[in-house]
Amino acid sequence: MSFSALNLDANILRAIADAGYTEPTPIQVQAIPPILAGQDLIGIAQTGTGKTAAFTLPLLTKLAASPGHGRGTRVLVLAPTRELVVQIEENIRAYGKYLPFKMATVFGGVGEHAQIKALQSGLEIIVATPGRLLDLMGRRYSDFSGLQYLVLDEADRMLDMGFLPSIRQIVRSLPKQRQTLLFSATLSREIEGLTHEFQRSPKLVQIGRRSNPAETVTQWAYEVPRSRKVALLAHLLDDPNMNMVLIFVRMKHSADRLARQLETHGVTCATLHSNRSQNQRLRALRDFKSGVVRVLVATDIAARGIDVDGISHVVNFDFPMHSEDYVHRIGRTGRAQAIGDAISFVTPEDHGELRSLERFIGRGLVRKHAEGFDYTDRPEVRSSQPQHGHRQGQQRRPQQQQQRPQRPQQRPQQPQRSQHPLQREDSWHSGFAPEPGSQSGGHRPRSGNRPGGNMPGGPRPGGRPFRRSWGR
Ligand code: AMP
């Protein structure tokens, strides 16, 4: 199917052509017609499959078809993190670049003055995190009386217990007569049960399984004693194919510590977690995207939505506490048909969570063993001392521009079944995720998206040179 068959506005088709998209993705094919027809919708599709455009393109078409003439804010998009908000905004600007609408973003961690002005001037599109928006709404800076369209991106996160009260409060002050769209890569039955509060007879559009990690990601598990995790990571990072590596840890202080430890092995890292200022977070992402550093160590605030082109590997240095987080974390690679590897370190303490995860995703992770690595458990060594016994003193350098060789396409086998002990340690406050150990409301990220940057078949510096087709 071509985009022109979808009844989108001609100016949007021009922008899509500029972005280099040749055909709509499956979620776009299925979601755009009902959204144009005015239906409420729940869209479930794997990460990186074009969900943002799936709601943006039809909404912009609708705005263009009936100009607002000062009717105030007509579209409100809510997303869990400021980075995601920025990314959605960039997408909307790119797809709507030939249209005259005005838009603003509202999120915490930055000054509120410009956001207050934007809210008061009744811009047509607001993209916001719930915490800051609620704060400003509470002080009567917003007027959503003319709101027509509400989008909840990362809906499963937006409707979980941490966010739900804020979302309920925001939605209570929106007009009842509106179109509401929910998009997510995962959506549990419990959360789906809540959607009736916000939507009317929504159409469910689901591409693939609900809990599918991206098909383009090859998943591996390394069983390793806790004391040897840093050394194993340093060992794996010797591989020049690991040219753009996003490493997940559970706690923000672990992110800083791991970054320091890797630096003693000659690996320069950026870090991303909620204790860092907005500027530091933006700089970390910029350095990672541009290849100044090849390794970004992050907490789960980076797990959702970050669309960085060409991430070759996601490493779960700390096994994710929640299976949904695993799906989101590894979705940072393998985006838009590029392929990627997801590596999970599994300590003896993580086995229960591993079994739960395998049950959740409906397959087993292939166990891998690092060649030439000494797995012998030993007392943990402090960060100032190199732990990587094999090549002490050897400098590892970014290999950003290197083309990745073709990778084995091994697929995991069926899993064992077990109970799923999901227990969230994080809760949500002020629209952001405080992480374990947080003093204040934390912040979850995503980064700048570049429509066209992930075009099928397009060359990507340091990224993978080949793609698979959009999965169904
Ligand atoms: P998303 O799932 O919205 O984060 O999008 C993932 C990536 O796919 C983004 O980099 C988009 O720019 C890109 N993308 C979205 N729609 C298309 C399309 N129809 N063809 C090619 N790339 C696309």
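The table that follows gives values for the structure above.
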{"item": "Flag for Leu41 being farther than 17 Å from Ala79 by Cβ and of a type outside the set (D, E, K, R)", "result": "no"}
{"item": "Of all residues making up the stretch 13-37, the number that are in a helix (DSSP H, G or I) and under 13 Å from Ala54 (Cβ atoms)", "result": "12"}
{"item": "Candidates Thr49, Thr73, filtered to the one that is more than 16 Å from the ligand (Cβ to nearest atom), buried (at least 24 other Cβ atoms within 10 Å of the Cβ) and not in a helix (DSSP H, G or I)", "result": "Thr73"}
{"item": "From Leu63, Leu59, Leu41, residue being away from the ligand (no atom under 13 Å from the Cβ) and over 25 Å from the mean Cα position of the chain (by Cα)", "result": "Leu63"}
{"item": "Residue within the stretch 360-369 that is assigned to a helix (DSSP H, G or I), modelled with pLDDT under 85, touching a helix residue (DSSP H, G or I) at 6+ places or on another chain (Cβ under 8 Å) and not β-branched (Val, Ile, Thr) present", "result": "yes"}
{"item": "Test: Ile301 is buried (at least 24 other Cβ atoms within 10 Å of the Cβ), in a helix (DSSP H, G or I) and in contact with a Lys or Arg (Cβ under 6 Å, 6 or more places away or on another chain)", "result": "yes"}
{"item": "Qualifying residue in the stretch 108-126 (condition: within 14 Å of the ligand (Cβ to nearest atom), among the acidic types (Asp, Glu) and in contact with a Gly (Cβ under 8 Å, 6 or more places away or on another chain))", "result": "no"}
{"item": "Some residue of the stretch 88-106 being touching a Phe, Trp or Tyr at 6+ places or on another chain (Cβ under 8 Å) and surrounded by 24 or more Cβ atoms within 10 Å (Cβ to Cβ)", "result": "no"}
{"item": "Any hit, the stretch 21-32, residues being within 8 Å of the ligand (Cβ to nearest atom), assigned by TED's automatic domain parsing to the domain that holds Asn91 and more than 19 Å from Phe183 (Cβ to Cβ)", "result": "yes"}
{"item": "Residue match in the stretch 58-77 (condition: in contact with a Ser or Thr (Cβ under 8 Å, 6 or more places away or on another chain), of a type outside the set (Asp, Glu) and at pLDDT 95 or above)", "result": "no"}
{"item": "Inter-residue pairs, beta-carbon under 8 Å, first outside the structural domain of Gln169 (by TED's automatic domain parsing) and among the basic types (Lys, Arg) and in the stretch 116-145, second buried (at least 23 other Cβ atoms within 10 Å of the Cβ) and outside any strand (DSSP E or B), 6+ apart", "result": "none"}
{"item": "Residues that are hydroxyl-bearing (Ser, Thr, Tyr) and either surrounded by 16 or more Cβ atoms within 10 Å (Cβ to Cβ) or within 15 Å of His322 (Cα to Cα) (or both), drawn from the stretch 347-377", "result": "Thr347, Ser356"}
{"item": "Residue under evaluation Ile306, criteria (1) modelled with pLDDT under 90; (2) away from the ligand (no atom under 16 Å from the Cβ), criterion not met", "result": "(2)"}
{"item": "Failed item, numbered, when Glu89 is tested on (1) without any contact (Cβ under 8 Å) to a residue 40 or more places away in the chain; (2) more than 20 Å from Ser142 (Cβ to Cβ); (3) within 15 Å of the ligand (Cβ to nearest atom)", "result": "(2)"}
{"item": "Within the stretch 81-197, helices (runs of 4 or more DSSP H) holding 1 or more residues that are under 30 Å from Ser323 (Cβ atoms) and at pLDDT below 95", "result": "82-95, 130-138, 155-158, 164-172, 189-194"}
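Conditions tested, residue by residue: (1) in the same structural domain as Leu262 (by TED's automatic domain parsing); (2) touching a Leu at 6+ places or on another chain (Cβ under 7 Å); (3) more than 30 Å from Leu285 (Cβ to Cβ); (4) modelled with pLDDT of 75 or more.
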position: Ala338; (1), (2), (3), (4): yes, no, no, no
position: Ala342; (1), (2), (3), (4): yes, no, no, yes
position: Glu353; (1), (2), (3), (4): yes, no, no, yes
position: Leu357; (1), (2), (3), (4): yes, no, no, yes
position: Arg378; (1), (2), (3), (4): no, no, yes, yes
position: His388; (1), (2), (3), (4): no, no, no, no
position: Gln394; (1), (2), (3), (4): no, no, no, no
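The values are calculated or read from the model by the stated rules, or taken from the named source; none is laboratory data. Predicted model, so just to flag it, every value in this text is computed and none were measured. Using ideal geometry, Cβ is built from the backbone for each residue, glycine included, and neighbour counts are taken over all protein chains shown.
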